[in-house]
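Taking it in order: structure first as structure tokens, then the write-up.
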Amino acid sequence: MTDILLETQGLKKYFNSPAGEVKAVDGVDLIIRQGQSFGLVGESGCGKSTLIRTILRLLEPTEGKVFFKGRDINSYRKNELLKLRKEMAMVFQDPHLSLNPRMTVFDTISRPLKIHGLARKKQELLVQIVELLHTMGMQAEHMVRFPHELSGGQKQRIGVARALAVEPDIIFLDEPTSALDVSVQTKILKLLEKARQERNLTFFFISHDINMIRVVADVMGVMYLGKIVEIGPKELLLSDPLHPYTQGLFQAVPEPDPDKIIQEVQLEGEVPSPINPPPGCNFNPRCPFVWDLCKEVEPMLKELEDERRVACHKY
Amino acid sequence: MNTAVNIENIEKEIKELKQKRTSQLFLTWLRFKRNRLSMVGLSFVLVIIFIAIFAPLLTPYDPYDTNPFRRLENPSREHLLGTDELGRDLLTRLLYGSRIALQVGILIVLFEGFIGITLGLLAGYLGRWVDEIIMRLVDILRSFPVIILAMAIAGIMGQGLYNVVIAIGLVGWTTYARMVRGKILSIKESEFVEAAFSIGESTPSVILRYILPNVLPTAVIMICIMMPTALIASATLSFLGVGVQPPLPCWGSIAAAGRDYITRAPWISTSAGFFIMFTVLGFNFIGDGLRDAFDPTSKRN
Amino acid sequence: MEEIILKIEDLKVAFDTEEGDVEALDGVELEVKKGTFHGLIGETGCGKSVTGKTVLRLLDNNARIKGGRIHYGNIDLLKLTEKQMEKQIRGNEIAMIFQDPGSSLNPLFTIKYQIEEAVSMYSNLPRNKWNQAILEALQRVKLPDAANLMHRYPHQLSGGMKQRVMIAMMLACQPQLLIADEPTTALDVSIQAQFIKVLRDLKENLNLTVLYITHDLAVISELCDYVSVMYAGRIAENLTTRDLFKNPQHPYTDKLVHSVLGVTTTLEALEEIPGSVPRLINPPAGCRFHPRCQEAIAICSKEAPPLQELAPNHTVACHRR
């Protein structure tokens, strides 16, 4: 068993809105181990984006703790936060929006290097940037380009290079391929995996695309309405999902193989509003196995065998 | 690995590439050039600038030389547009008027642009009560008729060229502030600003490197678009007698003076009006052309 | 022999842009059989949406149809005037639904009002039957509590519900052919699954014909009988859905299918297509896929391959087949 790199305890992030308090992240307990590739799936609005931004302290948490290498991140002072920015990096969803349109590739990648003092002279910068570009399968000539002169896939590779530049311990990837075409997605995913192995990185993917997570993750989590409902090793989760939401979600994924029998969808209805989530288990209005208990008592994330955890009264 | 050699090669390569690539500005110019109307506007403005610079060479007369014996003469070979009520050559005064017009126009847009962009930046970036105060001030100023407010300010501060600039600028900055604030609000929420924070950029650096460069084109376009408004406002003030004072040759006051003789010498007011229209139209076309050229995503019809 | 409801022949469309003419469609050929779901797949910018819009002549102002024929039954749609399209084709013969259902509905009117309006324009139903028809249509698409729901406004519905309202509106007008342009792309997986279920149900019970435009091969697999694969403004391959996954012939189709997550479940097995999609402002000569194709030979860079029949219901545009 490898060391715990990141742990959240009861992490909450609420937003104020005119309609009331939005419970975007509502008590998340997670453990990410060194070298893992963790994939969190959930539908839009389940709070996965808010969760990673709260962990990164791009958003201030409402409640709860985040331990990184054993130390509570929320206790970091401002100058220490800069150190955190070197240890955790992020790759954003839409490469068309996540690069400054007025900066060349050189400027974009040199910023993190300069901020964290990893390269000062122009020569050092060049060496490192060329190396990073090569890692991402790009050439030195791309340095002088502006984002609008690159294709979507190239932009995202620059986004990854920017994240790799600071030599972080963990990279958070927010739907890194969802804005890209299928034929380009593969390239990004393969480059990411290669970089992870070469640099001994830990990955934290979030996505609505179960097929993508299935390919890249070792450990998978499922999030619903601000809470983690199930978490466990990928193979076990895929072959034997325990939580009714996980089961429904997996069945809803369109099946490309025409030989497989198409299962009937079980997930009826829609995700309730996070402003006023249902009492008890917040999945109970859509759950086919609902008991009276589910409507009153919120299930805890229970530890089962094989490193699996599930938040459901059935188990 | 001999990185040293590599790096030299790369540096050379990059230099070559930089020379080869057409710069952003050049591309913008190409797009601007293709728009016929904006080229017409540019030529109008160039004509006015030419006149302003070479006015003394274009006319043998002095704009201030009065001649009580040759008042309100009809256009003739000697005086192409005739003379005004004090016997000064009208064309000369109109030609020299371009100096005043451009000077006032440029000073106004720079003055109101500076205030507006600064306050817009503050309101947009800082938000909360700063935004609240600045934007309420904008609302209040914009609820007055601009000219009346400027007249009041000019009335309090007295007449004169610089007071016209201040009077119009103190009202005109609201347009810039609104525009810049709106732009900042959208940039502030954009993913690349979030990405900048995620790599450890400080707030001043984010403003300087990420937000400002993206607001700048908007500001430049704003200034060009506001130029005609400034020209008209200053001409209006002069026409109403609270602007640039005679004997300075100013199109607005020439038009106002000609009003008294509109039946006897209609060309006085109309030719002054023509000069105003010509210049305003020129700047308007340029402004529209620039907006399209800077923003290639906007659809061309 | 099944009846062919829509036949597109040698369709060419160009867009007039700043940088010059973009040949968005360059000789598109496909046939849609009555009562089937026909998928049209391809990556961003391949021209699949343009094809759909050209059928209904809903293209932007800067587009020009440069040639080709679109046979609908025995009418050539490209020969009709705008007025004839409006009166005879759009809505009552061929309907279209778009990716963003929110922008297709008017926020100021109730669902019922909007469906009524569509029915009054496109259907011959007598007025006293309208209510019944609307209610039935809403129930058909499995909208819960249809009787109450039709008095609501669009903003009171979720994205998935709005998309179903669009389908219901279309059903109430009873067109012969529906063109669906990425209708589920903006929806969540579970909502998409519900939507697909509704469509599948309609296919079985109403013998609906649909031209389904998407980039998602998995959705194609769940819904469609036939597929046309587009690449850079041309058809690469027309084939059955089964052949798409089991017997793809065009190198692009083959790579595309194997780069889809879900068909392939390990990272190592995922196929990579080198290079990127060409820009249509200056497309490669010959076969437009040849710079990325591992099987390319000399002729590929010189001549564009014509679509040739390999087997019934299977045509491919490749010099190597």
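The values are calculated or read from the model by the stated rules, or taken from the named source; none is laboratory data. For clarity, every value in this text was computed on a predicted model and none was experimentally measured. Reconstructed Cβ throughout: ideal geometry from the backbone, glycine too, with neighbour counts over all protein chains shown. These area figures cover heavy atoms from the full protein model, side chains too; ligands, DNA and RNA do not enter into them. Shrake-Rupley method; radii C 1.70, N 1.55, O 1.52, S 1.80 Å.
Worth a mention:
- Solvent-accessible surface (1.4 Å probe) assigned to B:GLU13 amounts to roughly 80 Å².
- Residue among C:LYS34, C:LYS48, C:LYS246 with the largest mean-square fluctuation in a Gaussian network model of chain C, springs linking Cα atoms under 10 Å: C:LYS246
- Shape parameters for chain A, alpha-carbon atoms, Rg then Dmax in Å: 20.5, 68
- For region B:75-122 and region C:36-78, distance of Cα centres in Å: 56 Å
- Cα gyration tensor, region C:89-170 - rounded (a/c under 1.5), prolate or oblate: oblate
- Under 5 Å from the amide H of A:LYS227 lie the amide H atoms of A:ASP26, each residue being 5 or more positions distant or on a separate chain, with H modelled from the backbone and absent for Pro and chain starts.
- Put a plus charge on the Cβ of each Lys and Arg, a minus charge on the Cβ of each Asp and Glu, and nothing anywhere else: the dipole of region C:48-121 about its Cα centre is then about 380 debye.
- Share of carbon and sulfur in the accessible heavy-atom surface of region C:257-321 [1.4 Å probe, %]: 51 percent
- Chain B packed on chain A takes about 2700 Å² of accessible surface away from a 1.4 Å probe, both sides summed.
- Accessible surface of A:GLU305 - all protein chains present, 1.4 Å probe, nearest 10 Å²: 130 Å²
- Remark: the protein assembly as shown carries 45 Å² of accessible area per residue (probe radius 1.4 Å; ligands, DNA and RNA excluded).
- Within 10 Å of the Cβ of each residue in C:272-278, the mean number of Cβ atoms contributed by other protein chains is 5.
- Cross-link pairs A:LYS227/C:LYS162; A:LYS227/B:LYS188; A:LYS227/A:LYS302 - those with Cα-Cα distance over 20 Å: A:LYS227/C:LYS162; A:LYS227/B:LYS188
- List of region A:163-209 residues, accessible area with partners at least 50 Å² below that of the chain alone (1.4 Å probe): A:ASP181, A:VAL182, A:SER183, A:THR186, A:LYS190
- Note on region A:8-127: lysine pairs with Cα distance below 15 Å, sequence gap of 8 or more or different chains, count 13.
- Taking the longest Cα principal axis of chain B as reference, the axis of helix B:267-294 is set at about 10 degrees.
- Of all DSSP-defined beta bridges confined to chain A, some 60% are antiparallel rather than parallel.
- With an a/c value of 1.5 or above and a/b not larger than b/c for the gyration tensor axes a ≥ b ≥ c computed over the alpha-carbon atoms, region A:1-115 is described as oblate.
- Across q = 0.12 Å⁻¹, chain B modelled as identical point scatterers on its alpha-carbon atoms has Debye log10 I(q)/I(0) values of -0.90, in the order of the q list.
- Separation of alpha-carbon centers, region C:96-172 and region C:246-287, rounded to whole Å: 39 Å
- Share of pairwise Cα separations in the protein assembly as shown, more than 36 Å, in percent: 62 percent
- Going from the chain on its own to the full set of protein chains, region A:216-262 has these residues losing 20 Å² or more of accessible surface (heavy atoms, 1.4 Å probe, no ligands, DNA or RNA): A:ALA252, A:PRO254, A:GLU255, A:PRO256, A:PRO258, A:ASP259, A:ILE262.
- Long-range HN-HN contacts of A:GLY35 with modeled amide H, under 5 Å: A:THR202
- Contact-buried residues of region B:154-203, at a threshold of 10 Å² lost accessible area versus the chain by itself: B:GLU191, B:PHE192, B:GLU194, B:ALA195, B:PHE197, B:SER198, B:ILE199, B:GLY200, B:GLU201 (1.4 Å probe; DNA, RNA and ligands ignored).
- Summarising the strand pairing of the protein assembly as shown, around 60 percent of its internal DSSP beta bridges are antiparallel.
- Taken across both chains, chains C and A shield about 3400 Å² of accessible surface from a 1.4 Å probe.
- Region A:196-265, dipole about Cα centre (Lys/Arg Cβ +1, Asp/Glu Cβ -1), debye to the nearest 20: 340 debye
- Shape call, region C:1-121: gyration tensor on alpha carbons, a/c limit 1.5: oblate
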